[in-house]
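This report concerns only the one structure given below.
The values are calculated or read from the model by the stated rules, or taken from the named source; none is laboratory data. Because the structure is a prediction, the values reported are computed rather than measured. Cβ: placed from backbone, ideal geometry, glycine included. Neighbour counts: every protein chain shown.
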């Protein structure tokens, strides 16, 4: 029994399993109103040279140094290494964040890659067929050439997992260093025209799409 400690809309609850609707029903325990934490999702454009971490013992700037204090409790969803820039999602919804990062979900991450030298068609095929890294086989879901320059090749590359420095390690395996790496998309969320160092709240439909990705099997 609940011993009369819990009430919903002023009525004492005597049975377990009563459903309440957030934003409509008022739940009290021992006379104190219980409020749920507002779920927040933001998209942040991480600049290059900034660490995706809570703090840096060596004094380097972190993503939290660039965000307002009110967002300090949010956790990042997948890291970007120091030189990598682009889309970083942050949230206080741990369950969805964990689901999005689980390899079994196959959530896509799309990158703009500026690779040193001329990348051949054979190298593109190797990237999609898979290259052996020290932590296992890594495959690009897709890769295509966007532009060829005199000294480099710009690619759009899609992965379905988020291993440490995965894009850079894959490119090295086919003989190319990376001079610039930008994450353009995580799942259904795109970087768009968000400026470096800027952030925005996700829309309701964007949040729903992430929840759907986090639970698909």
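Here is a yes/no grid of residues against (1) more than 27 Å from residue 38 (Cα to Cα); (2) in contact with a helix residue (DSSP H, G or I) (Cβ under 8 Å, 6 or more places away or on another chain); (3) outside any loop (DSSP other than H, G, I, E, B):
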residue	(1), (2), (3)
179	yes, no, yes
182	yes, no, yes
192	no, no, no
197	no, yes, no
205	no, no, yes
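Between residues in region 160-177 that are at positive phi and residues that are surrounded by fewer than 18 Cβ atoms within 10 Å (Cβ to Cβ), which pairs lie under 7 Å by C-beta distance while being six or more apart or on different chains?
Pairs found: 165/81.
Within the group 124, 137, 87, which residue is out of contact with any helix residue (DSSP H, G or I) (no Cβ under 9 Å at 6 or more places or on another chain), assigned by TED's automatic domain parsing to the domain that holds residue 163 and part of a strand (DSSP E or B)?
Testing whether each residue is out of contact with any helix residue (DSSP H, G or I) (no Cβ under 9 Å at 6 or more places or on another chain), assigned by TED's automatic domain parsing to the domain that holds residue 163 and part of a strand (DSSP E or B) leaves just 137.
Pick from region 52-74 the residues that are surrounded by 13 or more Cβ atoms within 10 Å (Cβ to Cβ) and not in a loop (DSSP other than H, G, I, E, B): which of them is nearest to the chain's Cα centre (by Cα)?
Step by step, filter region 52-74, then rank; the result is 63.
Is it the case, given these coordinates, that residue 214 is under 17 Å from the mean Cα position of the chain (by Cα), in a helix (DSSP H, G or I) and at pLDDT below 95?
Taking the combined requirement at face value, the residue satisfies it.
The rows are residues; the columns are (1) within 24 Å of residue 47 (Cβ to Cβ); (2) surrounded by 14 or more Cβ atoms within 10 Å (Cβ to Cβ).
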position: 104; (1), (2): no, no
position: 127; (1), (2): no, yes
position: 132; (1), (2): no, no
position: 162; (1), (2): yes, yes
position: 165; (1), (2): yes, yes
position: 193; (1), (2): yes, no
position: 203; (1), (2): yes, no
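Name the single residue that is farthest from residue 102 (Cα to Cα) among those in region 137-177 being modelled with pLDDT under 95 and under 25 Å from the mean Cα position of the chain (by Cα).
If we take residues in region 137-177 being modelled with pLDDT under 95 and under 25 Å from the mean Cα position of the chain (by Cα), then 164 is farthest from residue 102 (Cα to Cα).
Here's a check for you: in region 33-51, which residue that is under 18 Å from residue 210 (Cα atoms) and in a loop (DSSP other than H, G, I, E, B) is modelled with the lowest pLDDT?
Filtering first and then ranking leaves 38.
Please go through region 134-156 and pick out each residue that is surrounded by fewer than 20 Cβ atoms within 10 Å (Cβ to Cβ) and within 23 Å of residue 79 (Cα to Cα).
Residues satisfying the conditions are 134, 135, 136, 137, 138, 139, 141, 142, 154, 156.
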